[in-house]
Amino acid sequence: MKITKEIIDFHGLKSEEYSKIKLLLNREPNILELGIFSAMWNEHCSYKSSKVHLKKLPIKNKNVIQGPGENAGVIDIGDDDAVVFKIESHNHPSFIEPYQGAATGVGGILRDVFTMGARPIALLNSIHFGDPKNKKTKNLLNGVVSGIGGYGNCIGIPTVAGETKFNSTYNENILVNAMAVGLADKKRIFYSKAKGINKPVVYVGSKTGRDGIHGASMASAEFDENSEDKKPTVQVGDPFTEKLLMEACLELMKKDSIISIQDMGAAGLTSSSVEMAFKGNLGIELDLDKVPCREDNMSPYEMMLSESQERMLIILEDGKENEASEIFKKWDLDFVIIGKTTNSKNLSLKFKNEIVATIPINALSSNAPLYDRKWTKKKFKSKKVKFKDLKKISFDEAFFKIISSPNQSNKKWVTEQYDQMVMGDTIERSGTDAAIIKIHNKDKAIAVTVDSSANYCKSFPLNGGKQIVCESWRNLISVGAKPIAITNCLNFGNPENPEIMGEFAENILGIKEACEFLDYPVVSGNVSFYNGTNNNNIYPTPVIGGVGLIKNLNKIQNHRFKKTGSNIVVVGKTFGHLDQSVFINQIHNLHDGMPPDVNLLNEKNNGEMVFKLINTGIINSVHDVSTGGIILALAEMSISSQIGIKINKPKKLTNIFEYFFGEDQSRYIIEVDKKNYSKLESLFKENNIYFDNIGTTQNEYFELDNDLKINVKELYELNNKWYNQFNGLNN
């Protein structure tokens with residue numbers, strides 16, 4: 001087949017990239033080789049537009065065993081236990097086919113974790129949808145939530161935490177980010193680096209079909225009005241087969257058989273074989289006649305680019321083939337030796353006794369295009385909102401509107417579709433600052449959370465990057481966990497647009513600054529570019545997945561008030577920053593202005609003090625202050641505990657709206673017994689920590705002086721009413 005410009009364009013390659021391919025091969029590629037280059041050189045696999053910036057991120061601390069570059073990150077949590085975790089996107093597939101797109105996103109991230117030798121113990125997700133009134137939103141939401149639950153529930157892994165958000169920026173490009181967390185023996189971590197010559201290369205798992213072909217390329221391009229036509233590029237998942245594959249792999253990992261192992265994820269057999277060979281500085285030879293196929297007459301092109309799910313590639317030690325084969329036979333899975341490692345440093349493919357492709361491994365990996373794209377710094381034109389210029393509204397009316405709005409309403413109608421308790425080790429689940437999973441048969445636990453803040457990152461990418469890392473850090477602190485490391489999923493628009501690339505570059509700098517200051521490194525992650533339709537790009541939406549350690553189960557904390565008559569204290573200073581707040585956005589429909597400043601020194605000092613207070617046992621409950629400000633945090637504490645509050649406005653208060661709706665950072669709300677208050681006060685003063693004593697807990701009513709009074713049960717109903725309204729839309 002002659003390679004034409006139309007074929008090159010179809011494969012998502014630029015003309016200069018095609019010229020580079022010819023130079024690397026010293027000849028024209030055939031169609032199979034072109035498809036392989038297309039798969040390995042797209043954004044999803046090569047990180048060609050992001051790599052230059054990602055190198056700036058901190059990736060190590062004393063707990064990090066494995067940072068970026070493997071299937072998932074690995075951290076040490078003591079006692080020879082390791083936690084393996086990663087987050088990835090499945091945005092484009094989920095918009096095209098929401099159920100299967102979300103389901104296979106869960107399946108793929110689970111394989112990344114158990115490929116490393118870890119048994120998955122938790123799933124999380126961050127899902128973003130368009131305006132609830134948009135005609136597509138309801139079906140997309142229902143499909144995605146069903147897909148997440150359908151896969152996770154069937155495989156038997158608890159989905160313990162997440163976030164569901166709505167904004168018109170996602171009307172034509174939803175975000176579905178899935179995170180998986182696993183537990184492993186730190187002495188038995190498995191990697192993807194190939195070693196040795198003439199070692200058997202084994203295909204295991206499901207058979208290969210035609211689903212998912214060009215899936216990675218599709219995920220590396222903007223949508224247009226014909227996005228529905230891309231449904232054939234969405235993979236189809238089978239959680240029951242994934243369960244069998246997981247158990248078979250974990251059983252084989254107990255033996256001394258595996259040299260390296262790699263999930264067949266994006267770009268399928270192509271990426272898995274190339275990555276293994278590249279990391280080992282070896283070649284790999286595959287006989288495509290031996291690839292198990294579930295459809296007739298599949299071509300080498302289709303086999304190499306298929307993204308059929310539930311498949312792995314393993315390189316075995318010599319003489320271990322029969323032992324390994326018996327394990328996969330027991331689990332009713334394919335086990336086929338399809339090739340071997342070589343010293344050629346080439347990817348060599350045979351089909352019907354002919355060599356159909358020969359490509360230098362380096363040409364597909366280290367010689368892939370690397371772009372330092374032009375980017376522009378964010379320009380700030382807007383002025384700070386002056387409260388006197390806002391339309392008049394009563395405090396209680398504003399509060400009631402916010403607490404019953406789509407983004408601030410209770411999301412139990414989502415999370416109740418997920419099995420959060422399977423495996424029996426979930427201590428805290430969705431609805432708390434961070435979910436908590438007990439380490440089985442041990443007196444310790446890990447805390448996990450996912451967070452994002454798109455409007456902050458759009459208005460000021462540098463500060464937005466810092467803020468979202470800090471919010472993740474606060475969420476872990478609030479449950480009594482010491483934050484250890486993060487994984488990130490960086491969802492942005494078209495990187496060829498200098499403004500979008502500027503958002504990405506500045507956001508990375510913000511993440512870097514916060515991670516370094518807090519000793520909270522990035523150990524894994526994913527970049528998702530081209531999130532947009534017809535040049536209408538999404539807001540920059542980095543999602544941070546954080547993991548922390550709770551060394552003693554007796555020191556676990558949560559945000560539910562414990563008793564009446566306790567003091568309520570705000571830790572950290574409130575300046576009353578309203579720009580980019582929920583109050584300004586939702587009540588006044590204003591979206592300009594700067595997000596709140598992030599003082600990393602205050603963030604660290606206040607967090608470490610709260611962590612110390614939790615471990616001394618002198619406080620009853622803790623909640624971080626973030627979206628919606630103090631009043632929203634108090635409402636969440638009351639609703640979850642069914643205990644009321646009586647708040648007195650601080651004496652130095654200049655504006656009730658600014659104080660209670662302001663979204664200043666570095667703050668927590670804590671509940672403390674009156675008998676412990678003087679000790680708390682002394683600790684704050686000794687450590688130069690600012691605090692406000694704003695009221696007490698009480699029975700029945702949620703009360704703020706003369707500005708707000710509502711029964712806690714009514715508050716609960718308000719917080720739950722939005723879904724019923726939404727459920728009636730678009731019927």
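One table, with the values for the structure above:
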{"item": "Between helix 137-155 and the chain: long-axis angle, C-alpha atoms, 0 to 90°, nearest 10", "result": "70 degrees"}
{"item": "Of all DSSP beta bridges in the chain, antiparallel share, percent nearest 5", "result": "80 percent"}
{"item": "HN-Hα J in Hz across the range 286-294 - Karplus 6.51, -1.76, 1.60, θ = phi - 60°, x for Gly and Pro", "result": "10, 9, 6, 5, 8, 5, x, 10, 9"}
{"item": "Using θ = phi - 60° and Karplus 6.51 cos²θ - 1.76 cosθ + 1.60, couplings along the range 87-100 (whole Hz; Gly, Pro as x)", "result": "10, 9, 9, 9, 6, 4, x, 6, 6, 6, 9, x, 5, 5"}
{"item": "Listed residue pairs exceeding 20 Å between alpha carbons, taken from Lys378/Lys512; Lys386/Lys721; Lys133/Lys401; Lys62/Lys551", "result": "Lys386/Lys721"}
{"item": "With Cα atoms, 0 to 90° folded angle of helix 461-478 axis to the chain main axis", "result": "70 degrees"}
{"item": "Reachable aspartates and glutamates, given that their alpha-carbon falls under 12 Å from the alpha-carbon of Lys350 and they are not under 8 places away in the same chain", "result": "Glu285, Asp287, Asp289"}
{"item": "Selection from Leu140, Asn507, Ser89 lying farthest towards where the dipole of the chain points positive, charges on Cβ", "result": "Asn507"}
{"item": "The range 686-693 - phi-based ³J(HN,Hα) in whole Hz, Karplus 6.51/-1.76/1.60, Gly and Pro as x", "result": "4, 9, 6, 9, 6, 8, 10, 8"}
{"item": "Virtual spin-label span in nm between Lys392 and Asp79, 7 Å along Cα→Cβ", "result": "6.2 nm"}
{"item": "Reported label for calculated volume of the Cα convex hull per residue in Å³ given [x] 173; [y] 147; [z] 155", "result": "[y]"}
{"item": "Test item: Cα-centred dipole of the range 649-731, Lys/Arg +1 and Asp/Glu -1 on Cβ, debye", "result": "180 debye"}
{"item": "Alpha-carbon centroid distance for the pair the range 397-474 / the range 666-731, whole angstrom", "result": "18 Å"}
{"item": "Normalised contact order of the range 611-698, rounded percent, pairs of Cα under 8 Å and 6 or more residues apart", "result": "45 percent"}
{"item": "Set of lysines with alpha-carbon distance to Lys652 below 18 Å, sequence-local pairs under 8 removed", "result": "Lys573"}
{"item": "Gyration tensor verdict on the range 233-335 (Cα atoms; rounded if a/c is under 1.5, prolate if a/b is larger than b/c, oblate otherwise)", "result": "oblate"}
{"item": "Debye, to nearest 20: dipole size of the chain, +1 on Lys, Arg Cβ, -1 on Asp, Glu Cβ", "result": "1660 debye"}
{"item": "Residues with amide H under 5 Å from that of Val356, placed H, sequence gap 5 or more", "result": "Leu349, Lys350, Phe351"}
{"item": "Distant-in-sequence amide H partners of Phe190 (H built 1.01 Å from N, under 5 Å)", "result": "Gly117"}
{"item": "Tensor-based shape of the range 319-432 (alpha-carbon gyration tensor, a/c under 1.5 rounded, otherwise prolate or oblate)", "result": "oblate"}
{"item": "Trypsin sites (Lys or Arg not before Pro) restricted to DSSP loop in the range 638-731 with at most 12 other C-beta within 10 Å", "result": "Lys651, Lys652"}
{"item": "Beta bridge orientation in the range 625-731: antiparallel %, DSSP, nearest 5", "result": "75 percent"}
{"item": "GluC sites (Glu not before Pro) within the range 450-529: DSSP coil, no more than 16 neighbouring Cβ in 10 Å", "result": "Glu496"}
{"item": "Cleavage-rule hits, chymotrypsin sites (Phe, Trp or Tyr not before Pro), the range 625-721, DSSP coil, Cβ neighbours within 10 Å at most 16", "result": "Tyr690"}
{"item": "Nearest-ten-degree value, helix 600-616 long axis tilted from longest Cα axis of the chain", "result": "80 degrees"}
{"item": "Cα→Cβ-extended label distance, 7 Å offset, between Glu608 and Lys401, nm", "result": "4.2 nm"}
{"item": "Under-5 Å amide H pairs with Glu163, H placed in peptide plane, nonlocal only", "result": "Asn125, Ser126, Ile127"}
{"item": "Estimated FRET transfer efficiency (Asp597, Tyr723; beta-carbon r; R0 35 Å; 0.05)", "result": "0.50"}
{"item": "Cα-Cα over 19 Å, subset of Lys195/Lys279; Lys138/Lys713; Lys86/Lys458; Lys411/Lys713", "result": "Lys138/Lys713; Lys86/Lys458"}
{"item": "222 nm mean residue ellipticity, helices alone, for the chain (DSSP H n ≥ 4; -39,500 (n - 2.57); rounded to 500)", "result": "-10000 deg cm²/dmol"}
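Only the coordinates and a few stated rules stand behind these numbers; no lab work does. This structure is a prediction, so every number in the text was calculated from the model and none was measured. Neighbour counts are summed over all protein chains in view; Cβ atoms, including those assigned to glycine, are modelled from backbone coordinates with ideal geometry.
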